[in-house]
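Working notes for the structure below.
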Amino acid sequence: MPGVLEGVRVLDFGRYIAGPWCAALLGDFGAEVIRVEKVGGGEDRFINRVSEEDGSGVTYLQVNRNKKCLTLDPTTEEGREVRRRLVATADVVVANMPQRALEQLGLDYASLAEIRPDVILVSNTCFGAAGPYGRKLGFDGLAQAMCGNMHLSGHPDEPIRSYAPWVDFSTAALCALGAVIALLARRQTGRGQEVQGALLATALTAASPALIEQAVLAPDREATGNRGQLNAPSDVFATRDGHVMVLVIGEPMYRRWAKLIGETHWLEDDRFRTDDSRGEHGELFSARMSKWCAERSTEQALAELEAARVPAGPVYTPRQTLDDPHVREGGFTQETGYPGAPDAVPLVTTPVRLLGTPGTIRTRAPLLGEHTAEILEGLGYACKDVERLRAAGAV
């Protein structure tokens with residue numbers, strides 16, 4: 001079945017995660033995606049290397065599947081002509097870089113629209129284009145720090161950043177949504193537009209309940225580690241052989257938990273009438289649940305919690321995640337080979353499932369410049385022209 005975005009050409013000038021993952025998601029649903037990369041390779045290619053052949057890293061392999069790769073130096077005269085020809089064929093250009101860099105490379109919306117008036121530019125930065133930080137550089141961790149999330153994670157004397165770059169991946173997904181909406185709008189109006197994402201905007205959205213609460217009620221919350229503050233029990237608990245996460249939200253679930261634990265008299269305690277009030281006494285609930293879990297293995301605790309229909313799950317290492325039967329059999333990963341990698345790479349599949357028009361991983365991430373000649377020939381360059389461009393360092 002053809003992808004729903006088949007016939008859409010995307011130029012990916014992105015780097016690291018927020019740009020490339022946006023383009024990869026479009027590629028999962030059938031768009032033709034061309035990664036345009038530095039002649040010597042982009043910095044994002046070589047982080048946490050896994051390939052002995054070309055040094056490509058683990059994040060690169062995940063966020064660049066379903067793409068072709070063209071190397072290009074757009075600062076040269078010959079490179080600018082290649083860029084011009086490329087843009088003339090593109091429906092969408094993805095570039096997560098500051099406005100100044102976009103302008104220097106001729107990737108700002110005004111420059112692109114001179115070449116193709118109905119082009120769609122998907123740009124994203126750390127702080128957004130407006131405001132006093134509009135020209136500042138930044139990464140995922142800065143957005144985590146500045147949205148209030150790190151302050152409320154960890155402990156009062158130790159703010160904690162999430163190991164996983166959730167802001168980058170979430171921003172990319174929102175930008176992919178924006179790109180699809182812009183394509184639909186172009187179908188209606190015939191006009192292109194710029195889609196702007198920002199890491200800080202994504203992080204503020206995820207942190208918005210805490211921000212609204214602070215503005216309206218001013219609770220000045222401090223971090224409580226893994227223990228939640230809005231319901232209880234909500235914490236990580238040690239078992240005889242590991243750890244489990246338990247989350248009890250809502251009255252029906254709380255009643256089932258109290259019966260399981262043997263504390264049904266708590267159901268009549270005025271201190272614990274609502275989720276909020278139970279959250280205020282979270283230390284008491286965590287202490288009681290800690291005692292219950294300490295008497296059981298992880299398997300035993302999870303089995304009893306499952307029987308009582310109380311949400312709980314094991315705290316996994318990455319190895320345990322990969323070995324989990326639900327992860328293995330549920331289609332969450334796809335084993336994909338890559339030249340020089342010592343083993344198959346378990347790429348995470350498209351994270352949203354459309355049962356009628358599913359996203360698919362059709363090809364591995366490309367080697368550096370793997371499709372340069374093919375793409376240039378498609379733009380009208382003869383074989384001798386390609387060799388000339390290579391000799392000049394333009395591609």
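The values are calculated or read from the model by the stated rules, or taken from the named source; none is laboratory data. It should be emphasised that the depicted structure is a prediction, and the values quoted were computed from it without experimental measurement. As a convention, Cβ positions derive from the backbone with ideal geometry for all residues, glycine included, and neighbour counts pool all protein chains shown.
Between Leu305, Leu322, the distinction of being within 30 Å of Trp21 (Cα to Cα), outside the structural domain of Gln62 (by TED's automatic domain parsing) and out of contact with any Asp or Glu (no Cβ under 9 Å at 6 or more places or on another chain) belongs to Leu322 only. Quick check on the stretch 194-220: of everything there that is touching an Asp or Glu at 6+ places or on another chain (Cβ under 8 Å) and under 24 Å from Leu142 (Cβ atoms), which residue is surrounded by the most Cβ atoms within 10 Å (Cβ to Cβ)? By that ranking, first place goes to Leu199. Would you confirm, using the coordinates I've provided, whether Asp385 is free of Cβ contacts under 8 Å to residues at least 24 places away in the same chain and either aromatic (Phe, Trp, Tyr) or in a helix (DSSP H, G or I) (or both)? In short, yes.
Candidates are the residues of the stretch 137-173 that are in contact with a strand residue (DSSP E or B) (Cβ under 6 Å, 6 or more places away or on another chain) and part of a helix (DSSP H, G or I); the one that is farthest from Ala206 (Cα to Cα) is His151. Summed over the stretch 340-359, the residues that are surrounded by 17 or more Cβ atoms within 10 Å (Cβ to Cβ) and β-branched (Val, Ile, Thr) give a count of 3. Regarding Asp54, is this residue farther than 24 Å from Leu354 by Cβ, in the same structural domain as Ala182 (by TED's automatic domain parsing) and modelled with pLDDT of 95 or more? Taking the combined requirement at face value, the residue does not satisfy it.
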